[in-house]
Amino acid sequence: MTLRLYNTANKKKEIFHPLEEGKVGIYVCGVTVYDLCHIGHARSAIVFDVLVRYLRAKGLDVTYVRNFTDVDDKIIERANKLGKDTSALAQEFIDAFYEDMDRLYVLKADVEPRATEHIDGMINMITALINRGYAYVAENDVFFSIEKFKGYGKLSGRKLDDMQAGSRIAVDEKNRHPMDFVLWKGTKPGEPQWSSPWGPGRPGWHIECSVMSNHYLGPTFDIHGGGKDLLFPHHENERAQSIGAIGGNFANYWVHNGFVTVESEKMSKSLGNFLTIRDALKSWHPEVLRLFLLSRHYRGPLDFSKKAVLDLQSGLVRIYRTLQRLGDAAVPIQKENGSLRFLSGDQTDPFLQQFIDMMDDDLNTAGAIGLVFEKVREMNKLLDSDKGPLNDTTRSRLENDRHQLFLAARVLGLLHEQPEDFFRQLAGTQKHADPAEIEKMIEDRTEARAAKDWVKSDEIRERLKGLGVILEDGPQGTTWRLDV
């Protein structure tokens, strides 16, 4: 199956054809560095991390560009409030971003430019827009005229008559049209500034991504990504000014990830449910958080709730417990292929072929994770089938299964830890029993139930209940969650 991606621009799944065979250029809008990242940022970063991993695994040469917005109204406001220099504040939160992403196993992009590194390019693009009639000067500011660009609104599917000004840059009385957006802002006291043909000032928000994507990937590139919140006005404005200034098609495929809510509420500091990555990692192992953020299709909404995360934690514990059982059964680890290119469209292994089919279907990580859980169930059945030492056939099959499991995990960015380390780290984030011990008690209870030893079975359930563990028996076996 060939990779198909949902293209926001055309509102449908499309077969992915890179501009240059074997190579892919991806630009993803990064964070504005005025505060710590929240779990919505984490979802976007992880989604595109998996997309890049998958494309590389399929043998494609990927150039991944993800920027930092390091000059912006919010940065200036926060810096002034704290009495800090804007560049120092931006650097502080860039460092924090890297720390958070490293903990979530998010790979660095190939190029990570900062807006302030490309001011000259922004001035050149604004000049080109003025010369082509798409922009106008109003005192010391420069605005893009959306009425001059035919097709404005095509990407987001909006019509001019229905639009509301939604930019981070406040609507200015100098605009000719209320939806015209700022390209260059004249200087104000206490703000960083650069020289320009229109006087000292600083760039607007939207222009930076057009300049940086063109600089590193050219006027037309393969994939532009970001959260749905960026579709309008940011991406709409990017597209208009890029095509207006330099021509081309800008991005051939637009990929947007869905929103994250917290306990069914929109995340907001005013509601007290604003969850930073760092706060989340105080309660959850990084791989648990990563697995949860991949557990629903990237385009749909995702609700962060304790129960939902615990359900995924239980599944990850089962995977690591299985890997631990394999080690106890003396199943040797097959040496992993160090190459990033390890998937093809004609895998002989049924599991990997199914995994590829899922991922080729618009990066269906939810389906791919389901396959991983099913593979782990099969491995446990094999381990349970031989009560004594494993025979050579079973051992060989388990060795191969584990190898295939690790290949899939490399794409998803999971299973980095040794089981013992994972359980120790997980126990450090919980106020309950060691998850490995919980799993062992559940196995003992399962054996007791199979032997119709109901007294022992009930005793184990009550012990687990005392530890805050809730058991749920189902057709696929027993799962557990913490009563928090």
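Please treat every number below as a calculation from the coordinates, not as lab data. On a predicted model such as this, the values are computed, not experimentally measured, just so you know. Positions of Cβ are generated from backbone atoms using ideal geometry, with glycine treated the same way; all protein chains shown enter the neighbour counts.
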Next on the checklist: Give me, ordered by chain and number, the residues 5 or more places off Lys23 or on other chains with an amide H under 5 Å from its own placed amide H.
Outcome noted: Asp61
Next on the checklist: Between Ala138 and Lys307, what is the label-point separation in nm under the 7 Å Cα-to-beta-carbon projection?
Outcome noted: 5.1 nm
Item to check | Nearby aspartates and glutamates by direct alpha-carbon distance to Lys266 (threshold 14 angstrom, same-chain neighbours under 8 apart not counted) | outcome: Asp229, Asp303
Item to check | R0 of 22 Å, Cβ-Cβ distance Arg176-Ala128: FRET efficiency to nearest 0.05 | outcome: 0.70
Next on the checklist: Can you compute the charge dipole magnitude of the stretch 4-266 about its Cα centre, using +1 on each Lys and Arg Cβ and -1 on each Asp and Glu Cβ, nothing else charged? Give it in debye, rounded to the nearest 20.
Outcome noted: 840 debye
Checklist entry - What is the fewest-to-most order of Val262, Val111, Val372 by other Cβ atoms lying within 10 Å of their Cβ? => result Val111, Val262, Val372
Checklist outcome for this item: The answer for the longest stretch of the chain without any exposed GluC sites (Glu not before Pro) (DSSP loop, at most 16 further Cβ atoms within 10 Å) is 337-484
Checklist entry - If each of Phe274 and Gln193 carries a label point 7 Å out from its Cα toward its Cβ, how far apart are those two points in nm? => result 3.0 nm
Next on the checklist: Could you tell me how many cubic angstrom of Cα convex hull volume the stretch 4-266 has per residue?
Outcome noted: 139 Å³
Item to check | Calculated on alpha-carbon atoms, Rg and Dmax of the chain in Å | outcome: 25.7, 85
Item to check | In order through the stretch 26-38: 3J(HN,Hα) via Karplus (6.51 cos²θ - 1.76 cosθ + 1.60), integer Hz, x for Gly, Pro | outcome: 10, 10, 10, 5, x, 9, 8, 8, 10, 7, 5, 6, 9
Checklist outcome for this item: To the nearest 20 debye, the chain has a Cα-centred charge dipole, built from +1 on Lys and Arg Cβ and -1 on Asp and Glu Cβ, of 600 debye
Item to check | Kyte-Doolittle at least -1.0, axis length at least 20 Å by Cα - qualifying DSSP helices, the chain | outcome: 39-57, 86-103, 306-328, 365-385, 392-412
Checklist entry - Looking at Thr365, Leu310, Asn391, which one has the Cα that reaches farthest to the positive end of the dipole of the stretch 284-430 (charges on Cβ: Lys, Arg +1; Asp, Glu -1)? => result Leu310
Checklist outcome for this item: Taking only C-alpha positions in the stretch 347-451, Rg and Dmax in angstrom work out to 16.1, 46
Item to check | Inter-probe distance in nm under a simple model that places probes 7 Å from Cα toward Cβ, at Asp110 and Arg424 | outcome: 3.8 nm
Next on the checklist: Using a Förster radius of 56 Å, what is the FRET efficiency between His17 and Glu462 based on their Cβ-Cβ separation? Nearest 0.05, please.
Outcome noted: 0.40
Item to check | Dipole magnitude of the stretch 95-164, debye to nearest 20 (Cβ charges: Lys/Arg +1, Asp/Glu -1, about Cα centre) | outcome: 580 debye
Checklist entry - When the Cα centres of the stretch 244-322 and the stretch 438-467 are compared, how far apart do they sit, in Å? => result 34 Å
Next on the checklist: Name the residue from Phe93, Gln418, Gln324 whose Cα lies farthest towards the positive end of the charge dipole of the chain, charges +1 on Cβ of Lys and Arg and -1 on Cβ of Asp and Glu.
Outcome noted: Phe93
Checklist entry - Which trypsin sites (Lys or Arg not before Pro) from the stretch 1-80 combine a DSSP loop assignment with at most 12 other Cβ atoms within 10 Å? => result Lys11
Item to check | Residues listed by number, the stretch 404-426, amide nitrogen under 20 Å from Asp434 label point at 7 Å toward C-beta | outcome: 416-426
Item to check | DSSP-defined beta bridges in the chain - what % are antiparallel, rounded to 5 | outcome: 50 percent
Checklist outcome for this item: The long-range amide H neighbours of Glu14, using H built 1.01 Å from N in the peptide plane and a cut-off of under 5 Å, are Leu5, Tyr6, Asn7
